Amino acid sequence: MTRPVLIRMHAADNVAVVGNDGGLPEGTVVPDGPTLREKLPQAHKVALADIAQGAEVRRYGVVIGRALKPISAGSWVHERLLEMPTARTLSGLPMATVRPPALPPLDGHSFQGYRNADGSVGTRNLLAITTTVQCVAGVLDHALERIRRELLPQYRYVDGVVGLEHSYGCGVAIDAPDAVIPIRTLRHISQNPNFGGEVMVLSLGCEKLQPERLLPPGSMAIGAGLPSQVRLQDERHVGFASMIDSIMSTAEHHLQRLDLRRRETVPASELVVGLQCGGSDAFSGITANPAVGFCSDLLVRAGATVMFSEVTEVRDAVEQLTSRAATPELAQRIIDEMAWYDAYLARGRVDRSANTTPGNKAGGLSNIVEKAMGSIIKSGTAPISGVVSAGERVCTRGLNYAATPASDFICGTLQLAAGMNLHVFTTGRGTPYGLAECPVIKIATRSELARRWHDLMDLDAGPIAEGRASIEDLGWALFRLMLDVASGKRTWAETHGLANSLVLFNPAPVT
């Protein structure tokens, strides 16, 4: 019979997670533990002792709920048996009270990247075509197909062309206070390091988001007086073919410049890494996210810039954030971001509990409190040196909290705007998520998923749960993989051409 594996995260926990592939059958006798009263799926929780009605249920050493009825030792503990705790108030929080011991610098690590004129470094050499409005999306798709087929083969040092297509730009209250978020998001994505400082804009002409409002003065030129903007409503465009020809000729000027770029050795400190989890399960906080957290500390030691995000997925651990802030002022900024998002959700008559998905629950996560405890682990242990508001650019090296929604695609879009040149994405349920603008390294929390999706997952963190590898082993493996991918090694998502659309966070009204 298979040896039962129960994973307990903290000595105070009265539940543990089933680690065995396929789960454990009813009647399984756990050495020094309970006999299972029912069949338990992998990653789901079992009561280690009798839990009285109203008593605390603890995982990660924190209360993830109270029992709605008595739960016997050996029973399955799931969301229908738990009352979720209320959210912690944003007052009386510890402010910059944790001072972890300084870790030694991590020198001597480098990758092959593209240096940009503004000092940033790209991991890819891409032509990006920024759009001002959804109306031009169909024309853009047609032009992209022709650019890939007819032009890209001539420019061997250009990795690809991407269209920054979105659903914004018109029919919106563009002067509303919160409308600044999608506008600055688009502006800063256009300036992502992977685009080499080349800004090409496709507009319609009559939209509310005019190019001059979107991008800084002087940025929409290729040089020698050549315009870098194509406006479809210009009188010079007579028919569809004229529009496409204009896009093609403008793109060719940019491709000629991008093709002159070459990779060069740059220190690992030039990485700007976005951390994210999606399709999470109860293993996320046991295997993949702890390994990412260890790697995050390595990156900080190397002088790199690291971002973790997802407001609702850290809200229940807010005291961990404010206490790790480098200064009381940064701690207050974290509180301000949380308060803004609380109010945003309240306007929609929901709260953070709306985050947890059916897949999260099927993967053993009972509620957002439990999910948050596993999510925040990927931030590692370093002090939080910066806070990035939605749509803004990161400007501080080290560990940054980027305040974004938890939606995979919106979070990824905002991290691109912040300047991310490499993305790390953990998943337990599985997702083919990818970004055309930036390489995405996907990490499976379970070996079963890594085996089944062998050509979609870039790294398997499952051996941690099985005792075949340590968190440190996987953290170092991820660090080395990141340097390889930053140097040009293709991820599975890149190999298959899998890329999600950009999804803007727009809390402003639509007219």
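Of the residues examined, residue 430 is one that is touching a Phe, Trp or Tyr at 6+ places or on another chain (Cβ under 8 Å) and at positive phi. Filtering region 456-511 to residues that are part of a loop (DSSP other than H, G, I, E, B), under 19 Å from residue 271 (Cα atoms) and under 19 Å from the mean Cα position of the chain (by Cα) leaves 458, 490, 491. Residue 430 meets each of the listed conditions (1) touching a helix residue (DSSP H, G or I) at 6+ places or on another chain (Cβ under 6 Å); (2) buried (at least 23 other Cβ atoms within 10 Å of the Cβ) apart from (2). Only a single item in (1) part of a loop (DSSP other than H, G, I, E, B); (2) not assigned by TED's automatic domain parsing to the domain that holds residue 318 is not met by residue 365, and it is number (2). Of the residues 110, 75, the single one that is modelled with pLDDT of 95 or more, among the hydroxyl-bearing types (Ser, Thr, Tyr) and closer than 30 Å to residue 264 by Cβ is 110. Restricting attention to region 243-271, the residues that are loosely packed, with under 13 Cβ neighbours inside 10 Å and either modelled with pLDDT under 95 or among the polar types (S, T, N, Q) (or both) total 2.
Against the definition (out of contact with any Gly (no Cβ under 8 Å at 6 or more places or on another chain), at pLDDT 95 or above and not in a loop (DSSP other than H, G, I, E, B)), how does residue 183 come out, yes or no? Criteria not met by residue 183.
The numbered conditions (1) on the phi > 0 side of the Ramachandran plot; (2) crowded, with 23+ Cβ neighbours inside 10 Å are all true for residue 274 except (1). Listed by first and then second residue, the pairs with beta-carbon distance under 8 Å, at least 6 apart or on different chains, first residue in region 250-269 and aliphatic (A, V, I, L, M), second surrounded by fewer than 17 Cβ atoms within 10 Å (Cβ to Cβ) and part of a loop (DSSP other than H, G, I, E, B), are 258/157; 260/157. Look through 169, 119, 74, 138 and report the one residue that is assigned to a loop (DSSP other than H, G, I, E, B) and loosely packed, with under 15 Cβ neighbours inside 10 Å. That would be 119, the only listed residue that is assigned to a loop (DSSP other than H, G, I, E, B) and loosely packed, with under 15 Cβ neighbours inside 10 Å. Would you check if residue 198 is crowded, with 20+ Cβ neighbours inside 10 Å and charged (D, E, K, R)? Yes, satisfied.
Take residue 417 and tell me if it is within 29 Å of residue 119 (Cα to Cα) and touching a residue at least 40 places away in the same chain (Cβ under 8 Å). Against the criterion (within 29 Å of residue 119 (Cα to Cα) and touching a residue at least 40 places away in the same chain (Cβ under 8 Å)), residue 417 qualifies.
The values are calculated or read from the model by the stated rules, or taken from the named source; none is laboratory data. As the structure is a computational prediction, the values presented were derived from the model and not from experiment. Here Cβ is always computed from backbone atoms with ideal geometry, including for glycine, and neighbour counts include all displayed protein chains.
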